[in-house]
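Structure, as structure tokens:
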Amino acid sequence: MLKENEKNACDSFVYILRKIGLKYKVGEIVENSRTKDVEMILSPEDESKQYPKIAIEHTIIEAHNNQKLYVQQLSDIENEISQKCQGKLPADRLFSLIVPPILIIGKKRKKRSQFIEKMTNWIPTVAGNLEVDAQSIQLYKGHKIALWCFSRNIDRLDKNIFMRPTRPENGEEEIRSRFRRAVTEKIPKLIKYKEKSYDTALLFEDVSFSYCSPNRSWIDLIPDEYRPQIKLIDFIVTFVSVKNRMSIGFVWKEKSQLYSRISEIPDDRKILCSRLLL
């Protein structure tokens, strides 16, 4: 039985395949922890096309402990702060509030309400004086919170303040450790199916753009001993997800084409998936 996010990742990958001209459907769910089998198999929609089946492995790659919970709770707090600040911020600008995980994860309703009240009192007092690309810093319980100001170039947004995830101070090393662990666990399963003439797909679910930074070299996160095997994987996709929904899919590898940085990926391989799951 697939979890909600696993099903959404699989459906989003099928959607991406359609966008690049390949029509597939979910064929079977085969995950078996005893046999260490892959999670899903896709079958060609039109069997006369003679497309190979695709074996899929999916994994969440959190940048730090409880990151998924952190991003989910940020989204809820964002909605409350946005409502309370409605009409109080300059309409021609966007604002991004950056709050460290330690102030968000696992907080009870009372502490969360206190935090929201503090932010909704502070933000309007500084927002009007912030220039574009400038920030204002506030300390809350000894931890730094930043409010960034940006030019508003999207008129259709229904709010102009957003919460932006960040990571703990030791986050960079934790990112590398978690990513390498995911690769080490998943690639051997896919290689078994590659040897059976299946195509293979590795789907990473990134809960807050941690692995999608324009300046990050994706290849640098791969353990040296697995770099030759990465070449055997047919599709590698990183999804940005919020609350189990895949919002954007970045196609890092498609057959022989492998991109190292997100800035190298063509626009038609950065695919909006959220509409599929609304």
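Only the coordinates and a few stated rules stand behind these numbers; no lab work does. In this text, all values refer to a predicted model and were calculated from it rather than measured experimentally. Here Cβ is always computed from backbone atoms with ideal geometry, including for glycine, and neighbour counts include all displayed protein chains.
Structure data summary
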quantity	calculated
Prolate/oblate/rounded call for segment 1-89, Cα gyration tensor, a/c under 1.5 rounded	oblate
Inter-label distance, nm, simple model (7 Å from Cα along the C-beta direction), GLN138/SER197	6.3 nm
Compactness index (Cα Rg / 2.2 N^0.38 Å), segment 1-152	1.51
Candidates SER12, SER197, SER82, ranked by Gaussian network fluctuation over the chain, Cα under 10 Å, top entry	SER197
Estimated Rh, segment 67-164: Kirkwood, alpha-carbon pairs, angstrom	13.7 Å
Dipole magnitude of segment 67-164, debye to nearest 20 (Cβ charges: Lys/Arg +1, Asp/Glu -1, about Cα centre)	620 debye
DSSP bridge orientation in segment 67-164 - percent antiparallel, rounded to nearest 5	75 percent
Whole-number D in µm²/s for the chain (Stokes-Einstein; Kirkwood sum over Cα pairs; 37 °C, 0.692 mPa s)	160 µm²/s
Local electrostatic count at TYR226 - Lys and Arg +1, Asp and Glu -1, tallied over other residues with Cβ under 14 Å	+4
